[in-house]
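The values are calculated or read from the model by the stated rules, or taken from the named source; none is laboratory data. Note that the structure is a prediction, hence the values are computed from the model and not measured. Cβ coordinates were reconstructed from backbone atoms using ideal geometry, including for glycine residues, and neighbour counts include every protein chain displayed.
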Amino acid sequence: MSEIISTLEQRGQQYGRFYDQARYVQGLKGVLHSAPNWGNLEPDQKEALEMVVHKISRILNGNPNNIDSWHDIVGYASLVEKRLNGEVL
């Protein structure tokens, strides 16, 4: 159990308080889901957008200089781009 507590403390230092993070990401997901084209997106497009707003929320709530969050945003967008170009991973 002490490993879990240690991990949660580390994540909290990097990404901010989980409750706040959850509020921000749920608000951003609400914007995504209310957009007129949301229902027309493929599953990978929806998931990539949801993961991007998750990472954006972490940036806004925690350490904005955490390069992993920025790298992950590029990664999720790249996965959809590759599929659209026929380069399914």
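A few comments on the model shown:
- Which listed residue is loosely packed, with under 10 Cβ neighbours inside 10 Å and at pLDDT below 95, from ILE67, ILE5: ILE5
- Where GLY16 falls short, out of the listed (1) small (Gly, Ala, Ser); (2) free of Cβ contacts under 8 Å to residues at least 12 places away in the same chain; (3) surrounded by 12 or more Cβ atoms within 10 Å (Cβ to Cβ): (2)
- A search for C-beta distances below 7 Å between a residue of the stretch 58-70 that is without any contact (Cβ under 8 Å) to a residue 60 or more places away in the chain and closer than 10 Å to TYR15 by Cβ and any residue that is surrounded by 14 or more Cβ atoms within 10 Å (Cβ to Cβ) and among the aliphatic types (A, V, I, L, M), counting only pairs 6+ apart in sequence or on different chains, returns SER69/ILE59.
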